[in-house]
Amino acid sequence: MKTRIQAAFAALLAGGMAFFLIVPIIALIWRAILLEGGLTVESTSILSAVLLSLGTTAITLLLSIIFGTPLAYFLARYDFPLKNFLTTCIEIPIVMPPVVAGLALLSAFGRRGLIGRFLDNININITFTLTAVVLAQLFVSAPFYIRAAQSRFESLPQEYVDAAAVDGANGWVTFWYVMLPQSTQALLAGLILSWARALGEFGATILFAGNFQGRTQTMPLLVYGALERDLGVTFVTALILLGLAVIAFTLTRYLTRQADDA
């Protein structure tokens, strides 16, 4: 009897949390369907924001792969002084408030920033440009990919590296032909998660890059900007973001299961 009461109480708590997490998503779809006057939208602004978001996130992913993969491998396979400190610094953007992330980027790359003042001397301005959008997305999303890649590289048995070394393979050959093929699915899962985070980035982008249609206005910024002037644009864009998030999460779960079974 006591066990049944405990189970019922746990089920009640679990159901309450599930209800809280699911209802807002259902409500968003319901509100969009019942929107007064239907979903009449400004197709130009939505198309511009979609293309800008997809383009900038594609660049962000490419940069994450090129620079993040070696960093993750280095952190996973080598020990060095202050390694834990470096790892913590790299992962801080995961939990950093988005507005604080934007402020940090301004402090680094703004015209009076730590690095930006030197760039300004050679007439290079990053803030409120497309480059700022990419940097904002990269700052908040790359740690997700680096963390996933580092975890996978750490989990690979040392025997793989030792066997390759016995066969005369150097570090690059071992990484490219042994470790990378064993990590493909886990890296893809981390990459998709990173892409989803970049796609939904708002706070750092609006502070560091601004909200200029056709230049820096990504989909989340369009949702915010159109909230008071056109609910059709707001809800259509929100539903697009929701659909992309569902696809990304589904692919991530599938790839994660495949990597765990491998």
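Couple of notes before you dig in:
- Filter result (buried (at least 20 other Cβ atoms within 10 Å of the Cβ) and outside any helix (DSSP H, G or I)) within the range 181-218: Gly200, Glu201, Ala209, Thr216, Gln217, Thr218
- Taking the criterion of being aliphatic (A, V, I, L, M), in a helix (DSSP H, G or I) and at pLDDT below 90, the only residue of the range 59-112 that qualifies is Ala76.
- Out of Pro98, Pro143, Pro93, sole residue that is crowded, with 17+ Cβ neighbours inside 10 Å, free of Cβ contacts under 8 Å to residues at least 60 places away in the same chain and farther than 30 Å from Val173 by Cβ: Pro93
- Ala32 vs. criteria modelled with pLDDT under 95 and either surrounded by 10 or more Cβ atoms within 10 Å (Cβ to Cβ) or in the same structural domain as Val161 (by TED's automatic domain parsing) (or both): yes
- Among the residues of the range 219-244, none is identified as loosely packed, with under 15 Cβ neighbours inside 10 Å and in contact with a Gly (Cβ under 8 Å, 6 or more places away or on another chain).
- Considering Val178, Val161, the condition of being touching a Phe, Trp or Tyr at 6+ places or on another chain (Cβ under 7 Å) and not in a loop (DSSP other than H, G, I, E, B) is satisfied by Val178 alone.
The values are calculated or read from the model by the stated rules, or taken from the named source; none is laboratory data. Here the structure is a predicted model, which is why all the values come from computation and not from measurement. Every residue, glycine among them, receives a Cβ derived from its backbone with ideal geometry; neighbour counts consider all protein chains shown.
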